[in-house]
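*Asks:* Handing you this structure, nothing more for now.
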Amino acid sequence: MLTKIIAHRGASKRAPENTLPAFELAYDLGADGIETDVQLTKDQIPVLIHDEGLKRTTNGYGFVKDYTLNELKQLDAGSWFSPFYANTRLLSLKEFLIWAKDKPLYLNIELKNNKIDYKNLEKIVYKLLKEFELLNRTTLSTFNPKSIKRMSKLDKQIDAAFLTSKRRNDLVEYAQSLGAKAIHIKYRLLSRKLVDHCRKEEMAIRVYTVNKTTQIKRCINLNCNGIFTDVPGKAHQIKIQE
Ligand code: G3P
Ligand code: MG
C-alpha cells in the first residue's frame, strides 16, 4: 500500500492556508490529496478556514459564526501570508468541491467542531458530498468524539476519522467504538506497534503534520495510509524515490 501525500491546508508552506492558490499549488506539486478545515457561517454555509476566529488568517475580526458567507467573501485571506496573495478570498466548501470534482484527488474534510460544536455541521457537509458524488473518495475527520458518533449514525458508510494528539492505550478500540474507520494522529504518537494494530483491525492510520525528511521517510516505510504535510512537493519527491 502506498502512503498518500495529503497537502495540509493545501501547500500551506508556500501559499495562504485553505485557499484556492494553496490547493492549486498542492495539486501541481503532485499531492495525492488535500486536507482542509471547515467552520460554519451565520447562514449555515461551510467555509474553509482553520480557526474559529478571523484574526490570524484574514483582515477581519471576531468569529466566523457571526458573519454570512457574503460578508466573509469581502475579506482578504491572503495578505497576512504575503503581499503577492493580497485579495485572495475565503472559499466555501461548495466552491472547493466544484474545483476538486474533476481532479483525481483524495479529500479530507476536517470538521472544526471541537471548540464550537456547530449544530448540524455533519449533516450539511454530508449532504453536499452526496450531491457532488464525492463520498467515495472523502474522509471526514474531527477531534470531537460526539461528532464521529453523529456521523456514523447518519450513514454507517461514512469514512469518519478520529483525530487525536493524546496518547491512550485503547486508541484503536476507542475509535472503533465511536464508529470511526480511521485514526488521524499527531506524529509523536506514531509507532510500529500502533500501525500493526491498525492493520489487524482494518483501521486506516494517517499522521499529521509531517514536514521533515526523516519523518516523511519513516511514515512511508511504516506503510501509513497517509501523511498530512505542509510541503507536498517535497514529500512527493521523497515518495517516488523510496
Ligand atoms: O487533519 C490533520 C490536522 O489538520 C489536524 O490539526 O490543527 O492542523 O487542523 P490542525
Ligand atoms: Mg486540519
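*Asks:* I'd like to know if segment 90-99 contains one or more residues that are away from ligand 2 (no atom under 16 Å from the Cβ) and part of a loop (DSSP other than H, G, I, E, B). Talk me through it step by step, then tell me what you get.
*Replies:* The initial filter retains those residues of segment 90-99 that are away from ligand 2 (no atom under 16 Å from the Cβ), namely 92, 94-95, 97-99.
Checking the rest, the ones that are also part of a loop (DSSP other than H, G, I, E, B) come to none.
Looking through segment 90-99, none of the residues is away from ligand 2 (no atom under 16 Å from the Cβ) and part of a loop (DSSP other than H, G, I, E, B).
*Asks:* Follow-up question, since we're still on this one. Please determine whether any residue of segment 2-18 is modelled with pLDDT under 95 and away from ligand 2 (no atom under 15 Å from the Cβ).
*Replies:* Filtering segment 2-18 down to residues modelled with pLDDT under 95 leaves 2.
If we keep only those that are away from ligand 2 (no atom under 15 Å from the Cβ) too, we end up with 2.
Yes: one or more hits.
*Asks:* Which condition breaks for Thr214 when tested against (1) surrounded by fewer than 22 Cβ atoms within 10 Å (Cβ to Cβ); (2) assigned to a strand (DSSP E or B)?
*Replies:* Exception for Thr214: condition (2).
*Asks:* Right, next: Out of the residues in segment 160-179 meeting the condition of being under 30 Å from Pro104 (Cβ atoms) and within 16 Å of ligand 2 (Cβ to nearest atom), tell me which one is surrounded by the fewest Cβ atoms within 10 Å (Cβ to Cβ).
*Replies:* It comes out as Thr164.
*Asks:* Something else about it: One residue is enough: does segment 149-159 have a residue meeting the conditions of a type outside the set (Phe, Trp, Tyr), assigned to a strand (DSSP E or B), surrounded by 14 or more Cβ atoms within 10 Å (Cβ to Cβ) and touching a residue at least 12 places away in the same chain (Cβ under 8 Å)? Give the derivation first.
*Replies:* Step one: of segment 149-159, the residues of a type outside the set (Phe, Trp, Tyr) are 149-159.
If we keep only those that are assigned to a strand (DSSP E or B) too, we end up with none.
Taking every residue of segment 149-159 in turn, none turns out to be of a type outside the set (Phe, Trp, Tyr), assigned to a strand (DSSP E or B), surrounded by 14 or more Cβ atoms within 10 Å (Cβ to Cβ) and touching a residue at least 12 places away in the same chain (Cβ under 8 Å).
*Asks:* Please find, among Asn114, Asn87, Asn120, the residue that is within 16 Å of ligand 2 (Cβ to nearest atom) and not aromatic (Phe, Trp, Tyr). Quick ask: steps written out before the conclusion?
*Replies:* On the way: Asn87 fails: within 16 Å of ligand 2 (Cβ to nearest atom); Asn120 fails: within 16 Å of ligand 2 (Cβ to nearest atom).
Answer to the check: Asn114.
*Asks:* For segment 180-197, which residues satisfy the criterion of being part of a helix (DSSP H, G or I) and either within 16 Å of ligand 2 (Cβ to nearest atom) or under 20 Å from the mean Cα position of the chain (by Cα) (or both)? Walk me through it before giving the result.
*Replies:* Step one: list which residues in segment 180-197 are part of a helix (DSSP H, G or I), which gives 187-189, 192-197.
Within segment 180-197, Tyr187, Arg188, Leu189 meet the criteria.
*Asks:* List every residue pair whose Cβ atoms sit under 7 Å apart, with the two residues 6 or more apart in sequence or on different chains, where the first one lies in segment 33-60 and is closer than 14 Å to Leu20 by Cα and assigned to a strand (DSSP E or B) and the second, anywhere, is away from ligand 2 (no atom under 14 Å from the Cβ) and polar (S, T, N, Q).
*Replies:* So the pair list comes out as Val47/Thr41; Val47/Ser92.
*Asks:* For segment 61-84, give me each residue that is touching a residue at least 40 places away in the same chain (Cβ under 8 Å) and buried (at least 18 other Cβ atoms within 10 Å of the Cβ).
*Replies:* Passing the criteria: Ala77, Gly78, Phe81.
*Asks:* Could you tell me which residue of segment 10-49 is nearest to Tyr61 (Cα to Cα), considering only residues that are among the β-branched types (Val, Ile, Thr) and away from ligand 1 (no atom under 13 Å from the Cβ)? Talk me through it step by step, then tell me what you get.
*Replies:* Step one: list which residues in segment 10-49 are among the β-branched types (Val, Ile, Thr), which gives 19, 34, 36, 38, 41, 45, 47, 49.
When the remaining residues are screened for being away from ligand 1 (no atom under 13 Å from the Cβ), the result is 19, 41, 45, 47.
Working: Thr19: 18, Thr41: 14, Ile45: 19, Val47: 16 Å.
Across segment 10-49, the extreme among qualifying residues is Thr41.
*Asks:* Mind checking whether some residue in segment 59-75 is touching a Phe, Trp or Tyr at 6+ places or on another chain (Cβ under 8 Å) and within 16 Å of ligand 1 (Cβ to nearest atom)?
*Replies:* The initial filter retains those residues of segment 59-75 that are touching a Phe, Trp or Tyr at 6+ places or on another chain (Cβ under 8 Å), namely 59-60, 65.
So of that shortlist, the ones also within 16 Å of ligand 1 (Cβ to nearest atom) come out as none.
No; the residues of segment 59-75 include none that is touching a Phe, Trp or Tyr at 6+ places or on another chain (Cβ under 8 Å) and within 16 Å of ligand 1 (Cβ to nearest atom).
*Asks:* Would it be correct to say that Ala7 is within 15 Å of ligand 1 (Cβ to nearest atom), in a strand (DSSP E or B) and of a type in the set (Gly, Ala, Ser)? Full working, then the answer.
*Replies:* Working: within 15 Å of ligand 1 (Cβ to nearest atom): yes; in a strand (DSSP E or B): yes; of a type in the set (Gly, Ala, Ser): yes.
When the stated conditions are applied, Ala7 passes them.
*Asks:* Taking the stated definitions as given, is Ala182 over 22 Å from Ile5 (Cβ atoms), within 16 Å of ligand 1 (Cβ to nearest atom) and small (Gly, Ala, Ser)? Even if it seems obvious, please write down each step before you answer.
*Replies:* Values: over 22 Å from Ile5 (Cβ atoms): no; within 16 Å of ligand 1 (Cβ to nearest atom): yes; small (Gly, Ala, Ser): yes.
So Ala182 fails the test.
*Asks:* Right, next: Taking segment 127-154 as the region of interest, how many residues are within 25 Å of Tyr208 (Cβ to Cβ), of a type outside the set (A, V, I, L, M, F, W, C) and more than 16 Å from ligand 2 (Cβ to nearest atom)?
*Replies:* 7
*Asks:* Is at least one residue of segment 117-131 assigned to a loop (DSSP other than H, G, I, E, B), touching a residue at least 12 places away in the same chain (Cβ under 8 Å) and of a type in the set (A, V, I, L, M, F, W, C)?
*Replies:* Of the residues in segment 117-131, the ones assigned to a loop (DSSP other than H, G, I, E, B) are 117-120.
Filter once more, keeping what is touching a residue at least 12 places away in the same chain (Cβ under 8 Å): 117-118, 120.
Imposing the further condition that a residue be of a type in the set (A, V, I, L, M, F, W, C) reduces the set to none.
No, there is no match, as no residue in segment 117-131 is assigned to a loop (DSSP other than H, G, I, E, B), touching a residue at least 12 places away in the same chain (Cβ under 8 Å) and of a type in the set (A, V, I, L, M, F, W, C).
*Asks:* In contact with a Ser or Thr (Cβ under 6 Å, 6 or more places away or on another chain) and either among the aromatic types (Phe, Trp, Tyr) or more than 14 Å from ligand 1 (Cβ to nearest atom) (or both), is that true of Gly78?
*Replies:* On the way: in contact with a Ser or Thr (Cβ under 6 Å, 6 or more places away or on another chain): yes; either among the aromatic types (Phe, Trp, Tyr) or more than 14 Å from ligand 1 (Cβ to nearest atom) (or both): yes.
When the stated conditions are applied, Gly78 passes them.
The values are calculated or read from the model by the stated rules, or taken from the named source; none is laboratory data. Only a predicted model underlies this, so the values are computations on that prediction, with no experimental measurement involved. Backbone-built Cβ (ideal geometry, glycine too); neighbour counts: all protein chains shown.
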